[in-house]
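The structure appears below as structure tokens.
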Amino acid sequence: MKKVTIFIGSQRKQATYQAVQEFEKNLKSYAEIEFEYVFLKDYHIEYCKGCNLCFNKGEEYCPLKDDRDLLIEKMNNSDGVVFATPNYSFQVTALMKCLMDRLAFTLHRPRFFGKTFTAIVTQGIFGGVSIEKYLERIGGNWGFCVTKGCCLTALEPRTELEQRKISKKIKKTSVRFFRELMRPAPSPPSFFKLMVFRLTRTSMMLILNKKYYDYRYFKEKGWFESDYYYDTSLGFIKKIAGNFFDFIGKRLAKKR
Ligand SMILES: Cc1cc2nc3c(=O)[nH]c(=O)nc-3n(C[C@H](O)[C@H](O)[C@H](O)COP(=O)(O)O)c2cc1C
């Protein structure tokens, strides 16, 4: 059975909680799926101190002792992950931002391949669409297969029309997420994702060396030789494009 974990950035069990409950109900109507709700307010998450040890030496050198690794384990043990947050001053809540900063090293060393991710944002009036996009970008950079999420707008108490619009958006988000969740293997990368991977790994291979943690991580994963982060069939055109991106990566590295 697939497992989905929902990370909730709200302090309350209201609009965001209602939205994820509706999302869960939709998914459970398609298949038997296990759900876990993680209310970030119930976990100990410290503010990142900016020492850079996680980037430079490895995340195990982080001086902070909090629930970061427990939350990472929850992501590792899930097939699907949802980040759900209210819009607070045009951003995710501080709780959720705190978690993302604690996992910033994952932007350098992505890991959640083959897992599905989406974002659900609730708001009163305006500004949440860019938060949804921001979360989708974070999910993608952490390695997840991202499906488009939603931004749900309503002032309380909601009108019937507002509720209908919200339910429609949640339904679409649920269908997209479910389809990706049920895929037997992750889909091949887009040209853009392939380009970013090949430029990154080629320049990293030529510019860095084994003194750097990121370099060792990429080498251990076999990413200096592989077509992409994970096993996938690129097809003829993407294989040629990949070789071309490696060539550009080499030239860029030499020019440095
Ligand atoms: C501190 C704070 C900042 C907020 N900022 C915004 C905002 O910038 N734009 C907006 O549309 N709604 C804003 N809201 C409204 C919430 O996003 C909205 O009520 C949300 O649905 C609350 O979710 P919850 O019931 O799960 O806590 C803000 C609310 C709070 C408490």
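The values are calculated or read from the model by the stated rules, or taken from the named source; none is laboratory data. Owing to the predicted nature of the structure, the values given are computational and were not obtained by experimental measurement. Reconstructed Cβ throughout: ideal geometry from the backbone, glycine too, with neighbour counts over all protein chains shown.
Does T116 satisfy the condition of being over 16 Å from V92 (Cβ atoms), of a type in the set (S, T, Y) and either crowded, with 16+ Cβ neighbours inside 10 Å or not assigned by TED's automatic domain parsing to the domain that holds G222 (or both)?
Yes; evaluated as a whole, the condition is true for this residue.
Go through the residues of segment 178-200 one by one and say whether even a single one is without any contact (Cβ under 8 Å) to a residue 40 or more places away in the chain, outside any helix (DSSP H, G or I), more than 20 Å from F113 (Cα to Cα) and not small (G, A, S).
Checking segment 178-200: not a single residue is without any contact (Cβ under 8 Å) to a residue 40 or more places away in the chain, outside any helix (DSSP H, G or I), more than 20 Å from F113 (Cα to Cα) and not small (G, A, S).
Can you tell me which residue is surrounded by the fewest Cβ atoms within 10 Å (Cβ to Cβ) among those in segment 131-185 that are of a type in the set (D, E) and within 16 Å of the ligand (Cβ to nearest atom)? Please lay out each step first, then the result.
Going through segment 131-185, the residues of a type in the set (D, E) turn out to be 132, 136, 156, 160, 162, 180.
Next, only the ones that are within 16 Å of the ligand (Cβ to nearest atom) stay: 132, 156, 162.
Working: E132: 24, E156: 8, E162: 15.
For segment 131-185, the residue satisfying everything is E156.
Count, please, the residues in segment 149-177 that happen to be part of a loop (DSSP other than H, G, I, E, B), farther than 23 Å from Y229 by Cβ and touching a residue at least 24 places away in the same chain (Cβ under 8 Å).
Start the filter on segment 149-177 by keeping residues that are part of a loop (DSSP other than H, G, I, E, B), which leaves 149, 154-159.
Subset that is farther than 23 Å from Y229 by Cβ: 154-159.
Still in the running and touching a residue at least 24 places away in the same chain (Cβ under 8 Å): 154-156.
Summing the residues that are part of a loop (DSSP other than H, G, I, E, B), farther than 23 Å from Y229 by Cβ and touching a residue at least 24 places away in the same chain (Cβ under 8 Å) in segment 149-177 gives 3.
When you scan segment 207-246, how many residues do you find that are surrounded by 11 or more Cβ atoms within 10 Å (Cβ to Cβ) and among the small types (G, A, S)?
3
Determine whether segment 40-49 contains at least one residue that is in contact with a Gly (Cβ under 8 Å, 6 or more places away or on another chain) and part of a helix (DSSP H, G or I).
Yes: segment 40-49 contains one or more residues that are in contact with a Gly (Cβ under 8 Å, 6 or more places away or on another chain) and part of a helix (DSSP H, G or I).
Filter segment 1-41 for residues that are away from the ligand (no atom under 16 Å from the Cβ), hydrophobic (A, V, I, L, M, F, W, C) and under 21 Å from M96 (Cα atoms) and give the result.
Those that are away from the ligand (no atom under 16 Å from the Cβ), hydrophobic (A, V, I, L, M, F, W, C) and under 21 Å from M96 (Cα atoms): V4, F35.
I'd like the full set of residues that are touching a Phe, Trp or Tyr at 6+ places or on another chain (Cβ under 6 Å) and small (G, A, S), limited to segment 127-164.
Of everything in segment 127-164, those that are touching a Phe, Trp or Tyr at 6+ places or on another chain (Cβ under 6 Å) and small (G, A, S) turn out to be G127, G139, G143.
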